[in-house]
1. Taking the options 14, 10, name whichever one is at pLDDT below 95 and part of a helix (DSSP H, G or I).
2. State all residues of the stretch 33-57 that are surrounded by 14 or more Cβ atoms within 10 Å (Cβ to Cβ) and under 22 Å from residue 67 (Cβ atoms); if no residue qualifies, say none.
3. Starting from the stretch 46-69, take each residue that is in contact (Cβ under 8 Å) with a residue 24 or more places away in the chain and list its partners that are exposed (fewer than 14 other Cβ atoms within 10 Å of the Cβ) and of a type in the set (Val, Ile, Thr), counting only C-beta distances under 9 angstrom and pairs at least six apart or across chains.
Amino acid sequence: MKRPPIRDCKKMAKRFSDLRALLELNQAELANLIGVRREEISAIENCRVYPSRKTLRNFAEIEGRQQNSRKEHNGIGSGTNSLSA
């Protein structure tokens, strides 16, 4: 399998570290949610490896849940107007 360009690796590393920061998780906790070892999260965040499809799929699921949760918290998509008093 061909290794992705370094800019893609850096973008992916940032997504992983940003989600961890947002959820206030350490690498081991995110690894547990995704179903990988902590060392893999470290390697992804340091561009030593690119995540597998399974890891990406699990990460996207957690990322999507977080985005949906933030939308509901802000009244987006829930049928409420967060700007009304």
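1. Values: 14 fails: at pLDDT below 95.
Among 14, 10, only 10 is at pLDDT below 95 and part of a helix (DSSP H, G or I).
2. Restricting attention to the stretch 33-57, the residues satisfying the condition of being surrounded by 14 or more Cβ atoms within 10 Å (Cβ to Cβ) are 33-34, 36, 38, 40-45, 47, 49-51, 55-56.
Listed by number, the residues that qualify are 33, 34, 36, 41, 44, 45, 51, 55, 56.
3. Once the first residue is in contact (Cβ under 8 Å) with a residue 24 or more places away in the chain and sits in the stretch 46-69, its partners that are exposed (fewer than 14 other Cβ atoms within 10 Å of the Cβ) and of a type in the set (Val, Ile, Thr) give 47/6.
The values are calculated or read from the model by the stated rules, or taken from the named source; none is laboratory data. Please read these numbers as outputs of a predicted model, since none were measured by experiment. In this analysis, Cβ positions are derived from the backbone assuming ideal geometry, glycine residues included, and neighbour counts consider all displayed protein chains.
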